[in-house]
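Derivation of every value follows stated rules applied to the coordinates shown; laboratory data play no part. Nothing here was measured: the structure is a model prediction, and the numbers come from that model. Neighbour counts run over all protein chains shown; Cβ positions are idealised from the backbone, glycine included.
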Amino acid sequence: MARIISLCNQKGGVGKSTSCINLGTFLAALGKKILIVDIDPQANATSGIGLNPRRLEKSIYHVLIGKVASEDAIRKTPILGVDILPASSALAGAAVELVDIKNREYKLKEVLEPIRRKYDFIVIDSPPSLGLLTLNALVAAGKVIIPVQCEYYALEGLADLMRTVQLINTNLKTRTAVMGALLTMYDRKSRLHRAVAKEIRRKFPGYVFDAVIPRNVSLAEAPSFGKTILQYDPYSHGAKAYRQLAEEILRMEGIRKI
Ligand SMILES: Nc1ncnc2c1ncn2[C@@H]1O[C@H](COP(=O)(O)OP(=O)(O)O)[C@@H](O)[C@H]1O
Ligand SMILES: [Mg+2]
């Protein structure tokens with residue numbers, strides 16, 4: 001049964017989509033079968049891995065509103081071992097359409113259930129808000145990764161999201177666990193970044209990944225070519241960091257590599 005990991009942070013531009021596709025890619029490079037689920041109407045994970053969100057007839061939107069079975073919307077990606085349940089801009093409407101549906105917070109969890117056996121990991125990219133789509137991503141996940149930039153407000157954002165996960169567990173009877181905060185776009189030459197990173201590790205011991213994602217031009221460039229960092233610049237610092245993250249996650253989960 002696939003372990004389901006959601007990348008969530010209500011803040012935009014913190015590296016959720018970048019981390020989703022590159023973590024998925026390196027988990028696959030380590031021999032695991034991966035499904036990426038894009039539940040953000042901006043569809044950055046979908047385009048970042050090389051699919052055109054405007055050309056999709058079937059997307060997670062059609063699955064969530066019950067028009068298409070999840071198997072039928074899943075597509076292969078150019079990366080061996082990585083499939084995607086893509087997003088399209090139609091998804092923006094789903095947030096509204098889902099409002100009247102029963103068990104609307106559990107919809108994503110429900111549609112992933114029948115395909116869970118086919119994968120080792122399902123990695124979910126979520127929108128930069130705390131709306132219904134993100135709520136679905138949090139409810140569906142066993143574990144949550146919170147990408148954060150080492151800025152002044154990162155600590156508050158992190159504390160907020162941890163409280164939100166607790167609230168969800170209490171109110172929706174789920175058992176979603178925060179796996180950890182992932183420091184992204186880290187510049188080790190910046191005094192602020194170093195100070196904030198230290199403070200995050202002090203305030204949330206055991207909840208911060210050892211792997212740190214550096215600010216890296218190749219990571220920013222890769223999506224404009226529809227490529228992951230493994231295809232675009234496999235020897236970059238960014239690629240190395242995502243490989244370390246994938247290895248760390250396998251260790252935490254007690255899973256062997258290939
Ligand atoms: N480690 C990094 N170094 C440099 N640029 C990055 C890095 N991670 C992400 N980016 C760029 O920063 C922007 C925001 O990242 P993204 O993953 O889309 O964030 P989110 O999904 O949280 O909104 C994108 O343009 C992306 O290419
Ligand atoms: Mg994104």
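For the range 3-252, rounded, prolate or oblate, judged on the Cα gyration tensor with a ≥ b ≥ c (square roots of eigenvalues), a/c < 1.5 rounded, else prolate if a/b > b/c? Judged from the Cα gyration tensor, the range 3-252 comes out oblate (a/c at least 1.5, b/c at or above a/b).
Can you sort Met185, Met252 by how many other beta carbons sit within 10 Å, fewest first?
Fewest to most other Cβ atoms nearby, the residues stand as Met252, Met185.
Sort Leu64, Leu161 by Cβ crowding within 10 Å, fewest neighbours at the top. Write out the running numbers ahead of the final one.
Working: Leu64 26, Leu161 22.
The fewest-first ordering by Cβ neighbours comes to Leu161, Leu64.
Looking at the square roots a ≥ b ≥ c of the eigenvalues of the Cα gyration tensor of the range 139-247, which shape do they give, rounded for a/c under 1.5, prolate if a/b is larger than b/c, or oblate? Verdict is oblate for the range 139-247. A Förster distance of 25 Å, applied to the separation of the beta-carbon atoms of Arg75 and Val99, puts the FRET efficiency at 0.35.
Once the Cα gyration tensor of the range 26-126 is diagonalised, what are the square roots of 5 times its eigenvalues, in whole Å and ordered largest first, as equivalent ellipsoid semi-axes? Provide the component values of the computation, followed by the final result.
Numbers: eigenvalues 97, 49, 22 Å².
Values for the range 26-126, descending: 22, 16, 11 Å.
Cross-link reach is defined here as a Cα-Cα straight distance under 20 Å, omitting same-chain residues fewer than 8 places apart; for Lys102 the lysines meeting it are Lys67, Lys173.
Of the trypsin sites (Lys or Arg not before Pro) found in the range 84-187, the ones in coil according to DSSP and having at most 14 other Cβ atoms within 10 Å of their Cβ are Lys102, Lys173, Arg175.
Extension gain, Ala220-Ser190: 0.36 nm per intervening residue step, less the Cα-Cα distance, totals 8.9 nm.
For the range 208-257, the alpha carbon convex hull comes to 83 Å³ per residue, rounded to a whole number.
For Cys150, the amide hydrogen comes within under 5 Å of the amide hydrogens of Thr184, counting only partners 5 or more places away or on other chains and with H modelled in the peptide plane.
Can you show me the helix-derived [θ] at 222 nm for the chain, built from DSSP H runs with n ≥ 4 at -39,500 (n - 2.57) apiece and divided by the number of residues, rounded to the nearest 500. Intermediate values should be presented prior to the final figure.
Numbers: 12 runs with 107 residues, N = 258.
Helix contribution divided over all residues of the chain: -11500 deg cm²/dmol.
Between Val178 and Val144, the built amide H atoms are under 5 Å apart, and every one of these is 5 or more places off in sequence or on another chain.
For Lys16, the aspartates and glutamates whose Cα falls under 12 Å of its own Cα, not counting residues fewer than eight places away in the same chain, are Asp38, Asp40, Asp125. Which stretch or stretches of the range 163-177 have amide N atoms under 15 Å from the point lying 7 Å from Tyr207's Cα along the Cα→Cβ direction? Residues 163-170, 176-177 fall inside that zone.
Here the Karplus relation 6.51 cos²θ - 1.76 cosθ + 1.60, evaluated at θ = phi - 60°, turns the backbone of the range 35-41 into coupling constants of 10, 8, 10, 9, 10, 10, x Hz, with x for every Gly and Pro.
Mean separation of Cα pairs under 8 Å and 6 or more residues apart, divided by the residue count, gives the chain a relative contact order of 26 percent.
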